[in-house]
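The structure appears right after this line, and notes come after that.
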Amino acid sequence: MYIREFLPSDLARVYEIEINSFSEPYDINMLKGLSNIGAGFLVAVEDGIVVGYIIFWLKEENLGHIISLAVDEKFRSQHIGTKLLIMAVNVLRNCNIFKITLEVRVNNVVAVDFYKKFGFEVERQVPKYYNDGEDALIMYLDVASLSN
């Protein structure tokens, strides 16, 4: 498995993972748009097939944001998400980002635990953040607290 920058030819596979991973997935045009506006967009590749991805960007000075992270369910529990997140954090750190934020569904215990193990902390809960009325947790990572 290796990680590389997203290519336009990856779009269909990324979208397939997106729709299979989220109850409110980004549509394919949104994903394509994110790749065109300068967001960081990395994919994990196994045997020539995209098996996961992470999208992130510089939200404002010193603040990065994880937009989306997903791994094909057949490839989960292989630390692919962790490797993608490490790579994204390193890219953001090299851009002098000191804090990284993300939103996650309050009931997505697996994702919340994943981010907590990585060092993210809950900043606050936002009621009815998602279209279906579910709350979101806003989580953050203090990049300076990470060891190199």
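The values are calculated or read from the model by the stated rules, or taken from the named source; none is laboratory data. These numbers were taken from a predicted model, which means no experiment stands behind them. Backbone-built Cβ (ideal geometry, glycine too); neighbour counts: all protein chains shown. The protein model used for the area step is the full one, side chains on, heavy atoms only, and it has no ligands, DNA or RNA in it. Shrake-Rupley method; radii C 1.70, N 1.55, O 1.52, S 1.80 Å.
Listing for the model above:
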item	result
Unmet requirement for Ile97, which otherwise passes all of (1) in contact with a helix residue (DSSP H, G or I) (Cβ under 9 Å, 6 or more places away or on another chain); (2) open to solvent by 10 Å² or more (accessible area, probe 1.4 Å); (3) β-branched (Val, Ile, Thr)	(2)
Filter result for the condition that a residue is over 23 Å from Pro8 (Cβ atoms), of a type in the set (A, V, I, L, M) and touching a strand residue (DSSP E or B) at 6+ places or on another chain (Cβ under 8 Å), over Leu84, Leu58, Leu63	Leu63
Matching residues, segment 48-79, being under 17 Å from Gly119 (Cα atoms), more than 10 Å from the chain's Cα centre (by Cα) and open to solvent by less than 10 Å² (accessible area, probe 1.4 Å)	Gly64
Some residue of segment 67-81 being under 21 Å from Ala136 (Cβ atoms) and among the polar types (S, T, N, Q)	yes
Leading residue by the ranking (surrounded by the most Cβ atoms within 10 Å (Cβ to Cβ)) among those in segment 16-31 that are under 14 Å from the mean Cα position of the chain (by Cα) and in contact (Cβ under 8 Å) with a residue 12 or more places away in the chain	Leu31
Options Val106, Val126, Val112: the member that is at pLDDT 95 or above, farther than 21 Å from Ile55 by Cβ, open to solvent by less than 100 Å² (accessible area, probe 1.4 Å) and out of contact with any Pro (no Cβ under 9 Å at 6 or more places or on another chain)	Val106
Any hit, segment 6-14, residues being at pLDDT below 95 and not in a loop (DSSP other than H, G, I, E, B)	yes
Of residues in segment 92-104 being more than 13 Å from the chain's Cα centre (by Cα) and touching a residue at least 24 places away in the same chain (Cβ under 8 Å), the one farthest from Val143 (Cα to Cα)	Cys95
